[in-house]
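The values are calculated or read from the model by the stated rules, or taken from the named source; none is laboratory data. Predicted model, so just to flag it, every value in this text is computed and none were measured. FYI the Cβ positions are ideal-geometry reconstructions off the backbone, even for glycines, and counts take in every protein chain you see. All accessible areas refer to the heavy atoms of the entire protein, side chains included, with ligands and DNA or RNA removed. Shrake-Rupley method; radii C 1.70, N 1.55, O 1.52, S 1.80 Å.
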Amino acid sequence: MSNKKISINEKLSIPKIGLGTWQLQGQDGVQTVATALDMGYRCIDTAQAYDNEEAVGKGIAQAGLPRDQMFLVSKVWRDKLAFDDVIRSTEESLNRLKVDCIDLMLIHWPNPDVAIESSLKAFDKLKQDGKINAFGFANFTTSHLNEAKNVNNDFVCNQVEYHPYLPQKKILNWLQDNGKFLMAYSPLARGKVLKDDILQGIAEESNCDASQVALAWLMRQDAVMAIPKASSKEHLLSNLQSHEIVLSDEAIKKIDDLQKQNNRLIDPDFAPNWDRHEAL
């Protein structure tokens, strides 16, 4: 099954849709990852904080796909961002995943108590040692991105919450202008899109479902890929096929209008001061 990609460099590219694995644990996690890869997914996203890297690794092994035919993402937690901690925790992630290299390692959340220089030096060493292929961030603001750019501009992406109810234009513009890409997590707004009358109406016109509409809206945007979580075969297949949905200009306008809700779902106590968006 075709899966459009974003080119990262001359050797590396990432599919426009992948599998998010937050809350996928144990044998269910193993089987979901294996099923997804068998079905045609070629990008799997995990994190140290998800406590499921071992299950993800077992799922990858069970699928038996050649390692160079899939893209693996993980993340360093915010209390492990000092140089030695990044190195050690990444090696622990490699051991749990049972792989020699992680394609993309991210800082999961910014931590103002640790200098970004320390983390980026560690990522640089891991890349030189062949333990990661690329590095980036999650939940960074444009201020954080500018700070990182001034230290080491080799990062490739920022993974942020992004769905029809949360505008991320400021961050997306920054990433596009700087040759980076955006990874959209919670792209289905934790199921909210399934009950949306606007999206359901568009889905009926397009002969698909509301979740596919939301994902198609994301993936039509330049330098944007999405990592929806799913566990059932039905939802896994539905999400994977969403890149085939073509939205009309009228449908896109209706979805764009939903951004006025400015509804952020993930906002822990340690979150940064998010970018403010002008009235849409």
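Among the listed residues I202, I132, which satisfies the condition of being at pLDDT 95 or above, under 20 Å from I8 (Cβ atoms) and among the β-branched types (V, I, T)? Write out each step before concluding.
Numbers: I202 fails: under 20 Å from I8 (Cβ atoms).
Answer to the check: I132.
What number of residues within the stretch 200-246 are of a type outside the set (D, E) and either under 22 Å from F181 (Cβ atoms) or part of a strand (DSSP E or B) (or both)? Step through it out loud before you land on a result.
Quick first cut of the stretch 200-246, residues of a type outside the set (D, E) only: 200-203, 206-208, 210-221, 223-233, 235-243, 245-246.
In the following step, the residues that additionally are either under 22 Å from F181 (Cβ atoms) or part of a strand (DSSP E or B) (or both) were identified as 211-221, 223-230, 239-243, 245-246.
Residues that pass the stated criteria total 26.
Return the residue satisfying two criteria in turn: it lies in the stretch 1-32 and is in contact with a helix residue (DSSP H, G or I) (Cβ under 7 Å, 6 or more places away or on another chain), of a type outside the set (S, T, Y) and in contact (Cβ under 8 Å) with a residue 40 or more places away in the chain, and of such residues it is farthest from S89 (Cα to Cα).
Looking at the filtered set, the residue picked out is M1.
Condition test on L166, is it buried (at least 21 other Cβ atoms within 10 Å of the Cβ) and in contact with a Lys or Arg (Cβ under 6 Å, 6 or more places away or on another chain)?
Numbers: buried (at least 21 other Cβ atoms within 10 Å of the Cβ): yes; in contact with a Lys or Arg (Cβ under 6 Å, 6 or more places away or on another chain): yes.
So L166 passes the test.
Within the stretch 190-206, identify whether any single residue is without any contact (Cβ under 8 Å) to a residue 40 or more places away in the chain, of a type in the set (A, V, I, L, M, F, W, C) and open to solvent by 30 Å² or more (accessible area, probe 1.4 Å), and answer yes or no.
The answer is yes; a qualifying residue exists.
Within the stretch 76-98, is there a residue that is under 17 Å from K11 (Cβ atoms) and among the β-branched types (V, I, T)? Break it down stepwise before answering.
Of the residues in the stretch 76-98, the ones under 17 Å from K11 (Cβ atoms) are none.
Checked the stretch 76-98: no residue is under 17 Å from K11 (Cβ atoms) and among the β-branched types (V, I, T).
Please enumerate the residues belonging to the stretch 247-280 that are within 17 Å of Y165 (Cα to Cα) and not in a loop (DSSP other than H, G, I, E, B). It would help to see each step written out before you state the result.
Within the stretch 247-280, the first condition is being within 17 Å of Y165 (Cα to Cα), and the residues that meet it are 251-267, 274-280.
Within the stretch 247-280, A251, I252, K253, K254, I255, D256, D257, L258, Q259, K260, Q261 qualify.
R67 is checked against (1) open to solvent by 70 Å² or more (accessible area, probe 1.4 Å); (2) modelled with pLDDT under 95; (3) closer than 16 Å to A226 by Cβ and fails just one. What number does that condition carry?
It fails just one condition, (3).
When the stretch 33-51 is examined, which residues are found to be buried (at least 24 other Cβ atoms within 10 Å of the Cβ) and either without any contact (Cβ under 8 Å) to a residue 60 or more places away in the chain or more than 15 Å from the chain's Cα centre (by Cα) (or both)?
V33, A36, I44, T46
Are there any pairs with C-beta distances below 7 angstrom linking a residue in the stretch 113-129 that is within 11 Å of I87 (Cα to Cα) and surrounded by 16 or more Cβ atoms within 10 Å (Cβ to Cβ) to a residue that is among the hydroxyl-bearing types (S, T, Y) and modelled with pLDDT of 95 or more, with the two at least 6 apart or on different chains, and if so which?
If the second residue must be among the hydroxyl-bearing types (S, T, Y) and modelled with pLDDT of 95 or more, the pairs left are L126/T90.
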